[in-house]
Amino acid sequence: MSSSTAPSRALRAWWQALPLSAVFVLFFLVPLGLILMVSFWDYTQYELRPDFTAKNYIAIFDGCASPGDLCVTLKTYLSTFKFSFLVWLITLVVGFTVSYFLAFHVRSATVQTLLFVLCTIPFWTSNVIRMISWVPLLGRNGLVNQTLVGMGAIDQPIEWLLFSSFSVTLAFVHLYTMFMIVPIFNSMMRIDRSLLEAASDAGATAWQTLWNVIVPLSRTGIIIGSIFVITIVMGDFVTIGVMGGQQIASIGKIIQVQTSYLQFPLAAANAVILLALVLMIIWALTRLVDIRKEL
């Protein structure tokens, strides 16, 4: 290879990467830079004042240094983390089970494809419509309560089925399970089936094969699905607002409320802190596997 060939290839590679890099910078890095900049601005009820002040970050954690009860910010973050953990755990169990069934128990490729497409059908509709569909089911006079009362299982309608932590978690699982199924199913389909036969020939039980062969080889898909689910739930405010009856706090909900009251610097500071936490979680998860092998 001549010495002039390598620079020309490098130049072509840079030109090929330029359009995507420009989109990344223009629509991702520049908005993030603006949010970071505005988070240090001052504001009043009527205007934004370009400045460099840390009072927005100080206001977020106001009262958190005092002993006793947790401050509002920490309580809100704990609530957000609680939903993220619960939704992650449930979607992981459901997503892994569905993916395992499709990948290893459905022999026909046609049936496999049809079942996979069937799993995606709910995602052809709006998230809001799918959320609202739970209201006539879980409401005080909804189908579930009417059925239970009619069967004699309960005397009074169950109040916590709707506008509660239960309904929020249920809606999250309904909305985002597919984000866990797709990467795990993709990882499982890449597993060499001869490894399963070798484990069986070595005397491994079905559970031993699952735990020692399938789970480690599906780890990349699990991590990718976990990143999708956790990051989406951490920033979600629509689902919590609708299914929580505007009674449950989350960081995304606080940012949305602050924005509606034109407190843009305070909302930007909250967004920066939330982004930093999400990036730390993503960094910790990506340390477990090399995601580049899956892409």
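The values are calculated or read from the model by the stated rules, or taken from the named source; none is laboratory data. A quick note: this is a predicted structure, and the numbers were derived from the prediction, not measured. Neighbour counts run over all protein chains shown; Cβ positions are idealised from the backbone, glycine included.
Quick notes on this structure:
- Among the numbered conditions (1) touching a residue at least 60 places away in the same chain (Cβ under 8 Å); (2) under 19 Å from residue 129 (Cα atoms), the only one that residue 237 does not meet is (1).
- Residue within the range 211-228 that is modelled with pLDDT of 90 or more, over 18 Å from residue 72 (Cβ atoms) and not in a helix (DSSP H, G or I) present: yes
- Of all residues in the range 91-119, those that are surrounded by 14 or more Cβ atoms within 10 Å (Cβ to Cβ) have Cβ atoms under 6 Å from Cβ atoms of residues that are among the polar types (S, T, N, Q) and assigned to a helix (DSSP H, G or I), 6 or more apart or on another chain, in 102/112; 106/112.
- Any chance residue 274 is surrounded by fewer than 22 Cβ atoms within 10 Å (Cβ to Cβ) and in contact (Cβ under 8 Å) with a residue 24 or more places away in the chain: yes
- The range 187-203, residues that are exposed (fewer than 10 other Cβ atoms within 10 Å of the Cβ), under 13 Å from residue 104 (Cα atoms) and among the small types (Gly, Ala, Ser): 194
- The one condition from (1) of a type outside the set (Lys, Arg); (2) under 20 Å from residue 83 (Cβ atoms); (3) out of contact with any helix residue (DSSP H, G or I) (no Cβ under 8 Å at 6 or more places or on another chain); (4) at pLDDT below 90 that residue 162 does not meet is (3).
- Annotation note: of 279, 262, the sole residue that is closer than 30 Å to residue 51 by Cβ and modelled with pLDDT of 90 or more is 279.
- Residue match in the range 131-140 (condition: aliphatic (A, V, I, L, M), within 22 Å of residue 191 (Cβ to Cβ) and either assigned to a helix (DSSP H, G or I) or out of contact with any strand residue (DSSP E or B) (no Cβ under 9 Å at 6 or more places or on another chain) (or both)): no
- Candidate set from the range 173-192 (those that are free of Cβ contacts under 8 Å to residues at least 60 places away in the same chain and either in a loop (DSSP other than H, G, I, E, B) or closer than 21 Å to residue 209 by Cβ (or both)); member that is nearest to the chain's Cα centre (by Cα): 190
- Number of residues in the range 119-131 that are at pLDDT below 85 and aliphatic (A, V, I, L, M): the value is 2.
- Residue 84 vs. criteria surrounded by 14 or more Cβ atoms within 10 Å (Cβ to Cβ), touching a residue at least 60 places away in the same chain (Cβ under 8 Å), small (Gly, Ala, Ser) and under 23 Å from residue 275 (Cα atoms): yes
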